[in-house]
């Protein structure tokens, strides 16, 4: 979201009363990562009024980088589900995961929708787990001097490429989470290895097939 769009979002009229956002800036430079879990304990003195405020679908809790760009937000429904049926003063926990892209954060800012109705009691930031991607070969069929291979790949962050090696020669497949490739076969046995890579350049365990040319 662009900064002007974020400002416009924060200035949208809300029901019943004027609101004042609450910002808290946190240092996260102990986590040299690009993906973070953000967990916050939030309190309200009037759960019914907060539910009414959330009914327009606006996020109750946003996370911004040091330049004020929106990194992530907690969907209104996540807090609505926790507050339904509650009255008076309550404390609840909300969480989200943010991905900063290429660069780690030095600081981030958490922003509550309305400091009159929703106060941030505590915030915890942890580096999100980063698993190796996985890759599967779902189809491999020979057509003349070529083999057509298709498959899938998954990752907890993002699959950025799938590489196929045939007898030491590297090829890049078309697609990422679903991929395909046509590989030229050499005479004799062709040993084909497939790996997927994520945005941290971690590779999947290899998948291998043999095909005679």
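Each value in this text was obtained by applying a stated rule to the coordinates, not by laboratory testing. What you see is a predicted model; the values in this text were computed from it and never measured. Here Cβ is always computed from backbone atoms with ideal geometry, including for glycine, and neighbour counts include all displayed protein chains.
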Checklist entry - Taking N as the number of residues in region 37-116, what is its alpha-carbon radius of gyration divided by 2.2 N^0.38 Å? => result 1.15
Checklist entry - Full extension from residue 137 to residue 124: what is 0.36 nm times the residue separation minus their Cα-Cα distance, to one decimal in nm? => result 0.7 nm
Checklist entry - So for the pair residue 186, residue 67, with labels modelled 7 Å out along Cα→Cβ, what separation do we get in nm? => result 4.7
Checklist entry - Which length gain, in nm to one decimal place, applies between residue 156 and residue 174 when the Cα-Cα distance is subtracted from 0.36 nm times their residue separation? => result 4.4 nm
Item to check | Separation between Cα centres of region 68-145 and region 149-213, rounded to whole Å | outcome: 31
Checklist entry - Highest mean first, what order results for 165-174, 42-51 on Cβ atoms within 10 Å? => result 42-51, 165-174
Next on the checklist: For a Förster distance of 30 Å, can you work out the FRET efficiency between the beta-carbons of residue 202 and residue 82, rounded to the nearest 0.05?
Outcome noted: 0.30
Checklist outcome for this item: Here the averaged projected area of region 89-213, based on the convex hull of its alpha-carbon atoms and given in nm², is 10.5
Checklist outcome for this item: All alpha-carbon distances of region 30-81, grouped into 5 Å bins from 0, give the whole-percent distribution 4, 15, 24, 23, 14, 11, 6, 2
